[in-house]
Amino acid sequence: MNCNLKSIRQNFPLLQNKKLIYFDNAATTQKPQTVIQTLTDYYQKQNANVDRGAYQLSAEATIEYEKVREKVAEFIHAKSEREVVFTKGTTQAINWIANGFVQKQLNEDDEIVVSIMEHHSNFLPWQIIAQNTHAKLKCVKMNSDYTLDMQDLKSKITEKTKFVAITAVSNVLGIVNPISEICKIAHQNNALVLVDAAQAVPSMPIDVQKWNADFVAFSGHKMLGPTGVGVLWGKGELLKDCAPLEYGGGMINDVSLDNVILKDVPWRFEGGTPNIAGVIGLGKAIDFLKKIGMQNILEREKNLTKILLEKICNIEGVKVYANPNQNQTGIVSFNIGKVHPHDVATFLDAFGIAIRTGHHCAIPLMHELKVSGTCRASLYFYNTEEEIEQFVQKIKKARDFFGFYQK
């Protein structure tokens, strides 16, 4: 990828800003011009509602919208495009499963298993429905090297476990969890599994059938797509048992005064006017990623992360929450002595370096790490070795600038 990295970066308008080093890709990625232009083209040339009009413009918009469902299914190796539901993001997808499927199946003393490294989006919904149903929420620990404690997971998934909700990649630690193994353990105990793949789908090849998960959720904006669009994938027979949480136009076949007949899956979940432009833009983002190749993207991220970790782990006074020997994506969290992460981010911003700081919507993990927050640099395939070198030099400057805090 190095040979054509310059030409790849030219596709991203914001990356043409020579003063910007964008290391906040775990929050959202930059958008290529093809995605941006697709949004403009839709509103200028195709703007019509889908599944509504008996006229050509509406038919064309519907075709383009549904083509993306097929692209997503192919991208994640689903059995059928009818297993793909469009949402506004990972958070909505998880909440739909928690409230429209899992909650109605829980009884008192049933168990839900999550991990300590979950984003709030994959922690809070399970915490709330456990409280509402008097089920028990169990949390899997991590090892000292920041990997998931698989022995603890095996001990906590029991015959009482009804559901396991797990992240494929930690948005704080960058650790890649063994999803296939976790699904196997859960299924041996007759438990179902939802995977939060928000950080995984943008960075590596995904095969939901090899994972054998029951539900998978991810967001478009973390994979070059627009904000406000995401995907819920589920096994077809399970989606049929999920209740929609929103009712309205476009998701019914018939309505009488005392009954409603819903459309088939997946359309029964997409009531109202969807984010048509966003979905079509997501399709264009998938085209861009496929052209580069997800295996190439994975290898690029691994190489960049290795370079960053080798450099930053050798800076005196910097605590890195990572194990360089573990399978890392482009996410690296760290702190500089006792300096508040926000102060570090402000210092770096003066040099045009954008990182994320705070608790990263993972407060239980922050408690486990015994910190209030961290600095997080998150790399993507379009970042460069030169940017990493500049970043490392500015980290050293920040350490020296705030040195009096470390006494």
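The values are calculated or read from the model by the stated rules, or taken from the named source; none is laboratory data. This structure is a prediction, so every number in the text was calculated from the model and none was measured. Cβ: placed from backbone, ideal geometry, glycine included. Neighbour counts: every protein chain shown. All accessible areas refer to the heavy atoms of the entire protein, side chains included, with ligands and DNA or RNA removed. Shrake-Rupley method; radii C 1.70, N 1.55, O 1.52, S 1.80 Å.
Could you give the distance between the Cα centres of region 1-69 and region 276-337, to the whole Å?
Between the Cα centre of region 1-69 and that of region 276-337, the gap is 22 Å.
Sticking with the crude label model, points 7 Å out along Cα→Cβ, report the distance from residue 346 to residue 19 in nm, one decimal please.
Result: 1.9 nm between the two label points.
Would region 323-407 count as rounded, prolate or oblate if I go by the C-alpha gyration tensor, calling it rounded below 1.5 in a/c and otherwise prolate when a/b exceeds b/c, oblate otherwise?
On the way: a/c = 1.67, a/b = 1.03, b/c = 1.62.
Note, shape of region 323-407 comes out oblate.
Based only on the alpha carbon positions, what is the Kirkwood hydrodynamic radius of the chain, in angstrom?
Working: mean 1/r = 0.0448 Å⁻¹.
Final number for the Kirkwood radius of the chain is 22.3 Å.
Between residue 307 and residue 253, what is the spin-label point distance in nm, taking each point 7 Å from the Cα along the Cα→C-beta axis?
Label-label distance for residue 307 and residue 253, simple model: 5.6 nm.
Quick one: work out the % antiparallel among DSSP beta bridges in the chain, nearest 5. List each step's numbers first, then the result.
Numbers: 25 of 44 bridges.
Approximately 55 percent, going by the DSSP bridge assignments.
Kindly report the accessible area of the chain per residue (heavy atoms of protein chains, probe 1.4 Å, no ligands, DNA or RNA), in Å². Before the final figure, lay out each step's value.
Details: 17700 Å² over 407 residues.
Computed with neighbouring chains in place, this is 43 Å² per residue.
Using the structure shown, select from 67/154; 162/290; 184/370; 71/136; 141/210; 71/162 the pairs with a Cα to Cα distance greater than 30 angstrom.
From the list (67/154; 162/290; 184/370; 71/136; 141/210; 71/162), the Cα-Cα distance tops 30 Å for 67/154; 162/290; 184/370; 71/136; 71/162.
Show which lysines lie in cross-link reach of residue 18 when reach means a straight Cα distance below 17 angstrom and same-chain residues fewer than eight apart are skipped.
By straight Cα distance, residue 18 reaches 6, 31, 394.
Pop out the carbon and sulfur fraction of the accessible area of the chain as a percent, whole number, probe 1.4 Å.
Details: 8690 of 17700 Å².
Accessible surface attributable to carbon and sulfur in the chain totals 49 percent.
Going highest first, how would you order 169-180, 281-292, 388-399 by mean Cβ packing within 10 Å?
Numbers: 169-180: 24.3, 281-292: 20.5, 388-399: 18.3.
Answer by packing, highest mean first, reads 169-180, 281-292, 388-399.
Assuming a viscosity of 0.692 mPa s and a temperature of 37 °C, what translational diffusion coefficient in µm² per second does Stokes-Einstein assign to region 101-206, Rh being the Kirkwood radius over Cα pairs? List each step's numbers first, then the result.
On the way: Rh = 13.8 Å.
After rounding, the answer is 237 µm²/s.
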